[in-house]
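To start, the structure under review is shown below, and the notes come after it.
The values are calculated or read from the model by the stated rules, or taken from the named source; none is laboratory data. Just so it is clear, the structure is predicted and the values come from calculations on it, not from any experiment. Every residue, glycine among them, receives a Cβ derived from its backbone with ideal geometry; neighbour counts consider all protein chains shown. Heavy atoms of the whole protein, side chains included, go into the accessibility calculation; ligands, DNA and RNA do not. Shrake-Rupley method; radii C 1.70, N 1.55, O 1.52, S 1.80 Å.
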Amino acid sequence: RDDASIDALAAAVGDRVDVLLNCAGVLHDAAHQPERSLDRLSRDWLLQSVDVNCAGPILVTKALRRALAAGRRGSGAASSRPASVVANLSARVGSATDNGLGGWHSYRASKAALNMLTKNCAIELKKQRTACVALHPGTTDTGLSKPFQKNVQPAKLFPAAFTAAQLLDIVDGVELEVHSGGFYAWDGESIEF
């Protein structure tokens with residue numbers, strides 16, 4: 001949420017970025033919980049959620065666009081591997097197709113918006129051989145999921161190291177023409193927007 005730090009990022013990172021993992025996320029804070037009903041929705045929390053969960057990752061991508069264009073993951077224009085990859089951490093609850101429960105209005109909307117901007121970036125950055133994907137990490141044992149873990153089966157609550165390894169495997173396997181613009185779960189399953 002700090003434009004000055006985002007603007008300074010390109011100079012701090014340098015001339016080349018092979019992989020950008022945007023891991024911004026807010027679901028709750030001391031004053032806010034996910035809204036289980038429309039009556040709990042507030043403009044302030046909705047806009048803060050969009051700012052952190054969507055605007056931040058896309059503005060970081062914008063700031064690093066030139067460095068992403070210089071990425072060297074692929075072995076030339078004929079390679080199916082992209083020169084660089086942008087992976088935005090999203091959430092399955094950001095899928096309009098998968099939404100059967102409703103609620104969590106601000107979080108769902110902000111992650112759905114991130115998914116759309118990931119798709120837009122995939123289209124625009126394809127010409128520079130940068131692939132863009134949205135990733136669902138599953139329920140990971142972090143502060144973000146802590147208040148909701150009691151409802152998660154132990155086998156479905158992942159240690160952070162496991163989630164990171166799974167997501168890095170997906171990123172490593174991204175092909176420009178096959179995966180860019182897609183939304184994938186921690187196990188590689190494609191998720192509908």
Residue within segment 141-154 that is within 17 Å of the chain's Cα centre (by Cα), in contact (Cβ under 8 Å) with a residue 60 or more places away in the chain and closer than 28 Å to Leu68 by Cβ present: yes
Residue, farthest from Arg16 (Cα to Cα), within segment 84-122, restricted to residues that are open to solvent by 10 Å² or more (accessible area, probe 1.4 Å) and among the β-branched types (Val, Ile, Thr): Thr97
Pairs where the first residue, in segment 19-46, is acidic (Asp, Glu) and the second is part of a helix (DSSP H, G or I) and open to solvent by less than 50 Å² (accessible area, probe 1.4 Å), C-beta under 7 Å, 6+ apart: Glu35/Ser106
Search result, residues across segment 127-164 that are open to solvent by 50 Å² or more (accessible area, probe 1.4 Å), assigned to a helix (DSSP H, G or I) and over 21 Å from Pro34 (Cα atoms): Lys127, Pro154, Ala155, Ala160, Ala161, Phe162
Conditions (1) free of Cβ contacts under 8 Å to residues at least 40 places away in the same chain; (2) over 13 Å from the mean Cα position of the chain (by Cα); (3) in a helix (DSSP H, G or I); number of the one not met by Leu101: (3)
Residue list for segment 58-80, filter: outside any helix (DSSP H, G or I) and modelled with pLDDT of 95 or more: Leu64
Qualifying positions in segment 165-193 - open to solvent by 80 Å² or more (accessible area, probe 1.4 Å) and in contact with a Leu (Cβ under 9 Å, 6 or more places away or on another chain): Leu168
Filter result for the condition that a residue is within 25 Å of Ala185 (Cα to Cα) and in a loop (DSSP other than H, G, I, E, B), over Ala55, Ala24: Ala24
Residue in segment 28-36 that is touching a strand residue (DSSP E or B) at 6+ places or on another chain (Cβ under 9 Å), among the acidic types (Asp, Glu) and surrounded by 12 or more Cβ atoms within 10 Å (Cβ to Cβ) present: no
All positions within segment 165-185 that are touching a helix residue (DSSP H, G or I) at 6+ places or on another chain (Cβ under 9 Å) and within 12 Å of Ala134 (Cβ to Cβ): Ile170, His179, Ser180, Gly181, Gly182, Phe183, Tyr184, Ala185
Filter pass, Leu9 being surrounded by fewer than 18 Cβ atoms within 10 Å (Cβ to Cβ), out of contact with any Leu (no Cβ under 7 Å at 6 or more places or on another chain) and of a type outside the set (Lys, Arg): no
